[in-house]
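Some notes on the structure that comes next.
The values are calculated or read from the model by the stated rules, or taken from the named source; none is laboratory data. A quick note: this is a predicted structure, and the numbers were derived from the prediction, not measured. Neighbour counts are summed over all protein chains in view; Cβ atoms, including those assigned to glycine, are modelled from backbone coordinates with ideal geometry.
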Amino acid sequence: MTAVTTTSQLTVTDLSGYIGSEIRGVDISRPLDPETVADIRRIWLDRKVIFFPGQTLDPDTHIAFASNFGEPTEGHPVIPGIKSNPEVFEIDYTAARDLYATYGDISRDSGLNWHTDVTFVTRPPLGSILRAVVVPDAGGDTLFSNQAAAFAGLSPALQDFLSTLTAVHDGGPQFRGVLELVGEGKWEGKPIKALEPVEHPVVRTHPETGERTLFVNPGFTSHIVELARSESDALLSYLYAHSVRPEYTVRYHWTPGTVAFWDNRATQHAVIGDYGDQHRVIQRVTLRGDAPR
Ligand SMILES: [Fe+2]
């Protein structure tokens, strides 16, 4: 592990080789100066997910912190936000069992398989800022995987081939039931009445770092357009296994108040379903993204 102090007095502790750092030395519930915001953004782009332990955000200051890094969207395209702040999407399996019972088979035992958030829309989110509200004493950790490192770990020949391919992303299998339950969703100010599949490149170029990242995920990618279905199934299952190899990942154990900020253009994440009936609540603010290219 390394600990470095940046110009704005942030203390940064890397949590694994390729991804994830904890940042201390800043109270993110207060307005931040531009130098601090720039330092945080630089560390975030490099480490893909950053964690701020021991913070004291509420929904208003959560949105204010997120706004330093982009434009908050609706909390989710189909799941309504909390009453006081529609930009805040809350996940509480205990309080909203009916809602999550409609989920497709991505959800198992209150865990969530590997995915990148909301890739089933034309412009998936840039990133998300998550606040741990209620945390099990043990269990409910989140895994994150670096999809730039995963792409870089492939052979040049496979990298070149993948760069010619397009994938279909479909939110229907997971969220069709939720949409039926709530009637209508909303994204980028427009009503969502049905979940139409969208296409994204299998490999995207990160608009800020220039890195190429693998951009398929088992949560929402259905198939690769240019291949026969059996070829697509085999290639995707290889890529899903490769993209979450242990060396590309970090596993984070939450404490109440901890805030995480991940780059949705360069990561996948998964929630470990090992906390049974223990209460776990998180709130998330999501930032508007661009069309992958
Ligand atoms: Fe997620």
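One line per residue, one yes/no per condition, for (1) more than 16 Å from the chain's Cα centre (by Cα); (2) charged (D, E, K, R):
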| position | (1), (2) |
| --- | --- |
| 234 | yes, no |
| 254 | no, no |
| 265 | no, yes |
| 268 | no, no |
| 286 | no, no |
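May I ask you to say which residue of 168, 216 is in a loop (DSSP other than H, G, I, E, B), under 15 Å from residue 116 (Cβ atoms) and among the hydrophobic types (A, V, I, L, M, F, W, C)?
The unique qualifying residue is 216.
Counting only residues that are at pLDDT below 95, give me the strands (runs of 3 or more DSSP E) lying completely in region 1-62 with at least 3 of them.
Output list reads 3-5.
So, in region 106-146, of the ones that are more than 14 Å from the ligand (Cβ to nearest atom) and among the polar types (S, T, N, Q), which residue ends up surrounded by the most Cβ atoms within 10 Å (Cβ to Cβ)?
Here the residue is 146.
Which of the residues spanning region 255-265 are of a type in the set (A, V, I, L, M) and either within 14 Å of the ligand (Cβ to nearest atom) or out of contact with any helix residue (DSSP H, G or I) (no Cβ under 9 Å at 6 or more places or on another chain) (or both)?
Across region 255-265, the qualifying residue is only 260.
Just one of the numbered conditions (1) within 16 Å of the ligand (Cβ to nearest atom); (2) out of contact with any Ser or Thr (no Cβ under 6 Å at 6 or more places or on another chain); (3) part of a helix (DSSP H, G or I); (4) closer than 18 Å to residue 81 by Cβ is not true of residue 178; which one?
In the conditions (1) within 16 Å of the ligand (Cβ to nearest atom); (2) out of contact with any Ser or Thr (no Cβ under 6 Å at 6 or more places or on another chain); (3) part of a helix (DSSP H, G or I); (4) closer than 18 Å to residue 81 by Cβ, residue 178 misses (2) alone.
Here is a check on your reading of the model: is residue 259 β-branched (Val, Ile, Thr), modelled with pLDDT of 95 or more and touching a Lys or Arg at 6+ places or on another chain (Cβ under 7 Å)?
Considered against the rule, which asks whether it is β-branched (Val, Ile, Thr), modelled with pLDDT of 95 or more and touching a Lys or Arg at 6+ places or on another chain (Cβ under 7 Å), residue 259 comes out as yes.
Have a look at 290, 233, 274 and point out the one that is free of Cβ contacts under 8 Å to residues at least 40 places away in the same chain and away from the ligand (no atom under 16 Å from the Cβ).
Just a single option satisfies the conditions, and that option is 233.
Would you be able to say whether some residue in region 168-187 is touching a residue at least 24 places away in the same chain (Cβ under 8 Å), exposed (fewer than 13 other Cβ atoms within 10 Å of the Cβ) and either out of contact with any strand residue (DSSP E or B) (no Cβ under 9 Å at 6 or more places or on another chain) or basic (Lys, Arg) (or both)?
yes
Considering only region 45-63, state which residues are within 14 Å of residue 31 (Cβ to Cβ) and more than 19 Å from the chain's Cα centre (by Cα).
Scanning region 45-63 gives 57, 60, 61.
Of all residues in region 236-267, how many are surrounded by 20 or more Cβ atoms within 10 Å (Cβ to Cβ) and under 21 Å from residue 155 (Cα atoms)?
Selection size over region 236-267: 8.
Condition first: farther than 30 Å from residue 56 by Cα and of a type in the set (Ser, Thr, Tyr). Can you find one or more residues in region 186-207 that meet it?
yes
Looking at residue 221, is it crowded, with 18+ Cβ neighbours inside 10 Å, out of contact with any Cys (no Cβ under 8 Å at 6 or more places or on another chain), polar (S, T, N, Q) and within 25 Å of residue 129 (Cα to Cα)?
Answer is yes for this residue.
Considering only residues of region 81-98 that are surrounded by 18 or more Cβ atoms within 10 Å (Cβ to Cβ) and more than 14 Å from the ligand (Cβ to nearest atom), which is modelled with the highest pLDDT?
In the first step, residues of region 81-98 are kept if they are surrounded by 18 or more Cβ atoms within 10 Å (Cβ to Cβ); the result is 81, 85, 87-91, 93.
Keeping just the survivors that are more than 14 Å from the ligand (Cβ to nearest atom) gives 81, 85, 87-88.
Details: 81: 87, 85: 91, 87: 91, 88: 94.
The residue in question is 88.
Is it the case that some residue within region 206-223 is out of contact with any strand residue (DSSP E or B) (no Cβ under 9 Å at 6 or more places or on another chain) and farther than 19 Å from residue 127 by Cβ?
No: zero hits.
Looking at (1) among the polar types (S, T, N, Q); (2) within 21 Å of residue 286 (Cα to Cα); (3) in a strand (DSSP E or B), which is the only condition residue 222 fails?
So the condition that residue 222 fails would be (2).
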